[in-house]
Amino acid sequence: MDYLVGASFPKGKATRSQWCCFDHRRRQHQCTKTETNIQQQPTPATSSNMASSSCNISPPIIPIFVFFLLVSSLFCPVRSSENGSLHAKNQTFRPEVELQKLKTIRELLNKINKPPIKSIQSPDGDIIDCVLLHHQPAFDHPRLKGQKPLDPPERPSGVNPNGMGGEDFQLWSMSGESCPEGTIPIRRISEDDMLRASSVRRFGRKRPRRRVRRDSTSNGHEHAVGYVSGDQYYGAKASINVWTPRVSNQYEFSLSQMWVISGSFGDDLNTIEAGWQVSPELYGDNYPRFFTYWTTDAYQATGCYNLLCSGFVQTNNRIAIGAAISPTSSYNGGQFDISLLIWKDPKHGNWWLEFGSGILVGYWPSFLFTHLRDHASMVQFGGEVVNSRAGGFHTSTEMGSGHFAGQGFGKASYFRNLQVVDWDNNLIPLSNLRVLADHPNCYDIQGGINRVWGNYFYYGGPGRNVKCP
């Protein structure tokens, strides 16, 4: 994670950078409305804010995946304390049903939680189990049984370290405890985690898509994103600053991530996803957490978060996927960001995840996918919240820092140094970044380009306010 100490920010023209990088410490769908093409026309900024480029407004063109994400937002039906509680007032207690549910939970826990050789108590209440590499959930997959994790792949050319690498960006590692070589750290799942889920059998998965009217945007999920499409992509890279946005109730969430996408945007949609999220329903608290996700059938029967199913193969013994991130950014204070790189290994075709400068986390085997066995057709970056409209008002759940994009560095959240990997395994700048916000009075986005941050955007917002009732 980079710690950006707020001094001054790079001007739009060629100037020396005055911000300092210390070390690397640390869902989802898309939008409609406001679309902007980013032009390379940098303008000077004040000493506290970064230079932003002038943006020419083009007619709205809603790409098919942006629409798909609006549709797929119904994977996670919005529930409030008024109309969606798991514990309805008139619910009849049925002992046999509850006993069967507990039996199912224990069976799933036995499948997910692997026997550890060591366990570490985290300050946030998590238990981190150190599990032998070849015992991790991925190796329950029939195609991986009896195998060992692959050796590190060839990294894309053009990867330039922008700080010293570091893996101690999570709360559990602050005690000085770590998992031995030959093991990986896995966040232990509890009965409480599963009891919070609306469906025990789909724990750790998004809900499958439902059909909605094509002109419907009031599905409870709101977004501010940047994207590129129209080419073949073999990976993506970005740096994202991490905050602790307020989430108003258990059935809402706030996240920031990048998506690597392919498919027809119907039932065969393939995605690979990584970023940070605050999800009280999934984790039981309001800490921002490092997460991954994948699907090969539009979130219906395949894929999951983190290591909650057979899929992602972790190779790192210092990073626990799903564990809380620390430290985080503060308003008008230090800015902490994580750099994430996802790319397709040219030799074996697997999709690898890298954190910071050269720290490999693991990989998604190519056989998991259909369209992503070849390449991606779109890459997206940005934030998403759930708006349950409890009480009939817009939620106060925050996106990013909880402040609008126009407030700039040290106040608004950002994605910077956005890049993609081309067919020849080269990391290259974006050539056609577009930005979208579907509820700009609640959460907005502003993009730009300069010599230090390359393609970037600020995004986020407070949710409910005078203009967002």
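The values are calculated or read from the model by the stated rules, or taken from the named source; none is laboratory data. Values in this document were obtained by computation on a predicted structure and should not be read as measured data. With ideal geometry, Cβ positions are generated from the backbone for all residues, glycine too; neighbour counts draw on all protein chains shown. For the accessible areas, the whole protein counts, side chains as well, though only heavy atoms, and no ligand, DNA or RNA atoms are used. Shrake-Rupley method; radii C 1.70, N 1.55, O 1.52, S 1.80 Å.
Alpha carbon centre of the stretch 373-388 versus the stretch 428-457: separation in Å?
14
Which pairs break 32 Å Cα to Cα here: K103/K347; K111/K411; K114/K206; K101/K237; K103/K206; K101/K148?
Listed pairs above 32 Å: K103/K347; K111/K411; K101/K237; K101/K148.
Given a Förster distance of 25 Å, report the FRET efficiency between A301 and V466 from their Cβ-Cβ distance, rounded to the nearest 0.05.
0.05
Between R451 and S190, what length comes free when the chain is fully extended (0.36 nm per residue of separation minus the Cα-Cα distance, one decimal in nm)?
89.3 nm
Under the Karplus relation 6.51 cos²θ - 1.76 cosθ + 1.60, θ = phi - 60°, what is the ordered set of whole-Hz ³J(HN,Hα) values for the stretch 145-159, x standing for Gly and Pro?
4, x, 9, 10, x, 6, 6, x, x, 6, 7, x, 6, x, 7
Using a 1.4 angstrom probe, figure out how much accessible area the stretch 349-456 has per residue, in square angstrom, rounded to the nearest whole.
28
Which value in nm describes the separation of the simple spin-label points at K118 and R143, placed 7 Å from the Cα toward the beta carbon?
3.3
Step through the residues of the stretch 325-341 one at a time and calculate ³J(HN,Hα) from phi using the Karplus curve (6.51 cos²θ - 1.76 cosθ + 1.60, θ = phi - 60°), rounding each to whole Hz and writing x for Gly and Pro.
My calculation for the stretch 325-341 gives 8, 7, x, 10, 6, 10, 5, 6, x, x, 10, 10, 10, 10, 9, 10, 10 Hz in order.
With θ taken as phi - 60° and the coefficients 6.51, -1.76 and 1.60, list the Karplus ³J(HN,Hα) couplings across the stretch 450-463 in order, rounded to whole Hz; mark glycine and proline as x.
Here the 3J(HN,Hα) series is 8, 6, 8, 9, x, 6, 8, 7, 9, 7, x, x, x, x Hz.
Around T397, which amide H atoms from residues at least 5 apart in sequence, or from another chain, sit under 5 Å from its own amide H, with H modelled in the peptide plane?
Here the answer is S248, R464, since their amide H atoms fall under 5 Å of that of T397.
If amide hydrogens are placed 1.01 Å from N in the peptide plane, which non-local residues have theirs closer than 5 Å to the one on N387?
Amide H neighbours of N387: H221, E222.
Using the heavy atoms of the protein chains alone and a 1.4 angstrom probe, what is the accessible area of the stretch 231-348 per residue in square angstrom?
With all protein chains present, the stretch 231-348 gives 23 Å² per residue.
If you average 1/r across every pair of different Cα atoms in the stretch 309-430 and take the reciprocal, what Kirkwood value do you get, in Å?
Evaluated over the stretch 309-430, this radius sits at 17.4 Å.
Could you list which residues have their amide H under 5 Å from that of L433, counting only those 5 or more apart in sequence or on another chain, with H placed in the peptide plane?
Sorted by chain and number, the residues that satisfy this are I38.
With the full set of protein chains in place, find how many percent of the accessible area of the stretch 363-459 is carbon and sulfur; take the probe as 1.4 Å.
That fraction is 47 percent.
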